[in-house]
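What follows is a short report on a single structure.
The values are calculated or read from the model by the stated rules, or taken from the named source; none is laboratory data. Model, not experiment: these values are computed from the prediction. All Cβ positions, glycine included, derive from the backbone under ideal geometry; neighbour counts span all protein chains shown.
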Amino acid sequence: MNTDFAIVPASDVEAFAELYALVFNAPPWQDGWSVPAAAERLRALAAAPKLEALGAYQAGKGVGLVLGSGERSVKGWVLHLREMFVAPELQRNGIGRKLLAAFERSLAGSYIGVYLQTGSRVPAHEFYASCGYANTDLVSMRKRIEV
């Protein structure tokens with residue numbers, strides 16, 4: 001089936017909430033997203049300044065999404081890729097790679113680079129590495145806030 005790619009306006013990002021929950025509730029993530037919580041997350045990400053989002057569509061139905069937001073660095077604008085997902089039944093068929101490549105092409109001329117965070121022991125890490133992304137010396141840190 002033919003896959004089309006199109007820019008997704010902020011107002012339409014939430015339409016991918018059901019797909020988001022489906023993808024991230026499946027292995028290896030098994031996160032436990034409800035569709036309302038997924039919609040809330042996507043709405044919050046879509047509200048970021050300099051949102052960039054590209055959808056993958058088959059027969060008019062959204063089957064994948066990549067989105068992020070621009071951040072100014074000393075050397076220029078970089079894009080923080082926040083989410084990327086493809087329908088589970090279509091994964092490992094090249095759609096994600098094509099979606100990411102189309103997204104990167106859409107950023108050319110406006111951004112000097114893309115960065116993202118993913119787990120070091122999940123298939124997404126291998127996917128991004130195979131698309132030319134490399135580990136950096138940055139470390140992700142977090143602290144739980146206790147009440």
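Computed values, structure above
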item	result
Scope the range 92-118; condition more than 14 Å from the chain's Cα centre (by Cα) and not in a helix (DSSP H, G or I); matching residues	ARG92, ASN93, GLY94, ALA108, GLY109, SER110, TYR111, ILE112, GLY113
Selected residue (criterion: farthest from PHE5 (Cα to Cα)) from residues of the range 54-91 that are over 9 Å from the mean Cα position of the chain (by Cα) and among the basic types (Lys, Arg)	LYS75
Criterion (crowded, with 20+ Cβ neighbours inside 10 Å, at pLDDT 95 or above and in contact with a Leu (Cβ under 6 Å, 6 or more places away or on another chain)) met by exactly one of ALA38, ALA53	ALA53
Scope the range 1-25; condition exposed (fewer than 14 other Cβ atoms within 10 Å of the Cβ), more than 16 Å from the chain's Cα centre (by Cα) and within 20 Å of GLY96 (Cα to Cα); matching residues	MET1, ASN2, ASP4
Criterion violated by VAL66 - all others in (1) assigned to a strand (DSSP E or B); (2) without any contact (Cβ under 8 Å) to a residue 40 or more places away in the chain; (3) farther than 14 Å from PHE16 by Cα satisfied	(3)
Matching residues in the range 56-79 - criterion: being within 20 Å of GLY96 (Cα to Cα), among the small types (Gly, Ala, Ser) and surrounded by fewer than 19 Cβ atoms within 10 Å (Cβ to Cβ)	ALA59, GLY60, GLY62, SER69
Selection from the range 4-44 of residues that are over 23 Å from GLY60 (Cα atoms), aliphatic (A, V, I, L, M) and touching a residue at least 60 places away in the same chain (Cβ under 8 Å)	ALA26
Pair list, Cβ under 6 Å, 6 or more apart: the range 99-128 residue among the polar types (S, T, N, Q), other residue part of a helix (DSSP H, G or I)	THR118/ALA124; THR118/HIS125
